[in-house]
Amino acid sequence: MDTKEIVIKDREHIEDSELLEAARILREGGLVAFPTETVYGLGGNALDEKASEKIYAAKGRPSDNPLIAHVSCLEEVGPLVSRVPEAGRKLMEAFWPGPLTLIFPKSSQVPYATTGGLETVAVRMPDDPVASRLIALAGVPVAAPSANTSGRPSPTTAGHVRDDLSGKIDMIIDGGPVGIGLESTIVDVSGPVPTVLRPGAITMEMLEDILGEVAIDPAILGPMAEGERPKAPGMKYKHYAPKAELTLVEPGTDWDAAETAREAAMIAKVRQLALEAAGEGRRVGIICTDESRACYEDVPGAMLQSIGSRRSQSSVAHNLYQVLREFDDLGAECIFSESFPKDHLGQAIMNRLSKAAGYHIIKA
Ligand code: TXA
Ligand code: MG
């Protein structure tokens, strides 16, 4: 299949004429990749079983892993859900449009092909002018998983989408690099206690401000024990993975030591592991920060990528998937990464890094 590409000239002043063909493709059952504020999505008509099947096929994704239905305004939510629980209403008011996906009991209109056979449906209203206008023009809710091949890091540029899906979908809309860089927070409001199924830019602290108490699915905090199942089916897959073996180094547990001393111990450990692997002749990658880069420059042959500044969680989130893809392209065999505090956006950052590492985590 020929994949058409269009480039949005000015994201703040989009002409409908730029998006009419993409909207028609969606309405007619085709697939269009488009930017959102979190990551690029691979869109298809959420009410069309055949379109959902095409999405699974293009991504190489297991079809028991449900899709998120994207809407452009509140009126489009009603037809997708059988009811809107109080907690859902509060969160929509506080955070939509934005990087928050809510799980509702589904209506009979939404096909099981879109929900992976579940009685619930995931809904999100993205805060991105291209995504929002495209959905409105399509006139249908748009099912959109991240626009990557299943198992690869999510795409944060149109180039990443092209690398994974060119030739497999109808169109790619290039709206430039995304803002946030990590997938939306998912909160299940279909049960008695609102529960976070995937951390993201709407943080635990922000959710608690609105709802008081919020539960967290144990799948977020660490590897699942034998027989346990995460509530978001997608969280069970080793996701977000680079091709190289990734080792995450956490500061030690010497809580009496100052924060800076614990960080220094972590950097020293990353350095030591990288030196050992380089000594064995392996192609080594190091994920450092702007602040620590100089500490590794003398590791022979090591490829260095800064993930951002330790002082800016949003810079780390923004660069994370880009850095993992970069190491794939460079042919790294093993990667050693620093880790980050888990408060605020740090919870989502460490969730994605831990999963990319297959929970291979070493304490300094
Ligand atoms: O930021 C995002 O959410 C991006 C952009 C494109 O909007 N989309 C995205 O979709 O990350 P995807 O398919 O890569 O991740 C969707 C996650 C999966 O882990 C899936 O299992 C979960 O949402 N999910 C979807 N429907 C669900 C449901 N009814 N119950 C529980 N989990 C659900
Ligand atoms: Mg995904």
- Task: Look at Ser166 and say whether it is among the polar types (S, T, N, Q), in contact with a strand residue (DSSP E or B) (Cβ under 8 Å, 6 or more places away or on another chain) and crowded, with 22+ Cβ neighbours inside 10 Å.
- Result: no
- Answer yes or no as to whether Gly44 is part of a strand (DSSP E or B) and more than 9 Å from ligand 1 (Cβ to nearest atom). yes
- Message: Here is a list: Ala58, Ala87. Which entry is under 19 Å from the mean Cα position of the chain (by Cα), among the small types (Gly, Ala, Ser), within 16 Å of ligand 1 (Cβ to nearest atom) and crowded, with 20+ Cβ neighbours inside 10 Å?
- Response: Ala58
- Item | Residues within the stretch 146-156 that are open to solvent by 10 Å² or more (accessible area, probe 1.4 Å) and closer than 17 Å to Ala46 by Cα, tallied | 1
- Message: On the basis of being touching a residue at least 24 places away in the same chain (Cβ under 8 Å), within 16 Å of ligand 1 (Cβ to nearest atom), outside the structural domain of Ile349 (by TED's automatic domain parsing) and open to solvent by 60 Å² or more (accessible area, probe 1.4 Å), does Lys236 make the cut?
- Response: no
- Query: What number of residues within the stretch 189-222 satisfy the criterion of being away from ligand 1 (no atom under 16 Å from the Cβ) and not hydrophobic (A, V, I, L, M, F, W, C)?
  - Reply: 6
- Item | Options Thr260, Thr185; residue that is more than 15 Å from ligand 2 (Cβ to nearest atom) and either crowded, with 16+ Cβ neighbours inside 10 Å or closer than 25 Å to Thr289 by Cα (or both) | Thr260
- Could you count how many residues in the stretch 225-265 are under 23 Å from Thr149 (Cβ atoms), in contact with a helix residue (DSSP H, G or I) (Cβ under 8 Å, 6 or more places away or on another chain) and not in a strand (DSSP E or B)? 11
- Per the filter on the stretch 128-168, residues on the phi > 0 side of the Ramachandran plot and away from ligand 2 (no atom under 16 Å from the Cβ) are Gly139, Gly167
- Here is a list of conditions, (1) under 29 Å from Asn65 (Cα atoms); (2) out of contact with any Cys (no Cβ under 9 Å at 6 or more places or on another chain); (3) more than 14 Å from ligand 1 (Cβ to nearest atom), and Ala258 meets all of them except one; can you say which number that is? (1)
- Take Glu183 and decide whether it is assigned to a helix (DSSP H, G or I), of a type in the set (Asp, Glu) and touching a residue at least 24 places away in the same chain (Cβ under 8 Å). no
- Note on the structure: Asp298 fails exactly one of (1) in a loop (DSSP other than H, G, I, E, B); (2) in contact with a helix residue (DSSP H, G or I) (Cβ under 8 Å, 6 or more places away or on another chain), namely (2)
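Yes/no matrix, rows are residues, columns are (1) away from ligand 2 (no atom under 16 Å from the Cβ); (2) open to solvent by less than 20 Å² (accessible area, probe 1.4 Å); (3) among the aliphatic types (A, V, I, L, M):
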site: Ala51; (1), (2), (3): yes, yes, yes
site: Leu67; (1), (2), (3): no, yes, yes
site: Val110; (1), (2), (3): yes, yes, yes
site: Ala113; (1), (2), (3): yes, no, yes
- Task: Please work out if Ile135 is away from ligand 1 (no atom under 13 Å from the Cβ) and either over 24 Å from Gly308 (Cβ atoms) or open to solvent by less than 10 Å² (accessible area, probe 1.4 Å) (or both).
- Result: no
- Message: If Pro199 meets every condition in (1) surrounded by 22 or more Cβ atoms within 10 Å (Cβ to Cβ); (2) away from ligand 2 (no atom under 16 Å from the Cβ) apart from one, which number is that one?
- Response: (2)
- Test set (1) more than 9 Å from ligand 1 (Cβ to nearest atom); (2) in a strand (DSSP E or B) - Val121 fails condition number: (1)
- Query: Given (1) touching a helix residue (DSSP H, G or I) at 6+ places or on another chain (Cβ under 9 Å); (2) part of a loop (DSSP other than H, G, I, E, B); (3) open to solvent by 20 Å² or more (accessible area, probe 1.4 Å), where does Ala268 come up short, assuming only one miss?
  - Reply: (2)
- Report yes if some residue within the stretch 158-172 is touching a His at 6+ places or on another chain (Cβ under 9 Å), more than 26 Å from Asn319 (Cα to Cα), assigned to a loop (DSSP other than H, G, I, E, B) and more than 11 Å from ligand 1 (Cβ to nearest atom); otherwise report no. no
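The values are calculated or read from the model by the stated rules, or taken from the named source; none is laboratory data. Note that the structure is predicted; figures quoted are calculated from it, not measured. Glycine also receives a Cβ, built like all others from the backbone with ideal geometry; neighbour counts cover every protein chain displayed. Note: accessible area is taken over every heavy atom of the protein model, side chains too, but ligands, DNA and RNA are not part of it. Shrake-Rupley method; radii C 1.70, N 1.55, O 1.52, S 1.80 Å.
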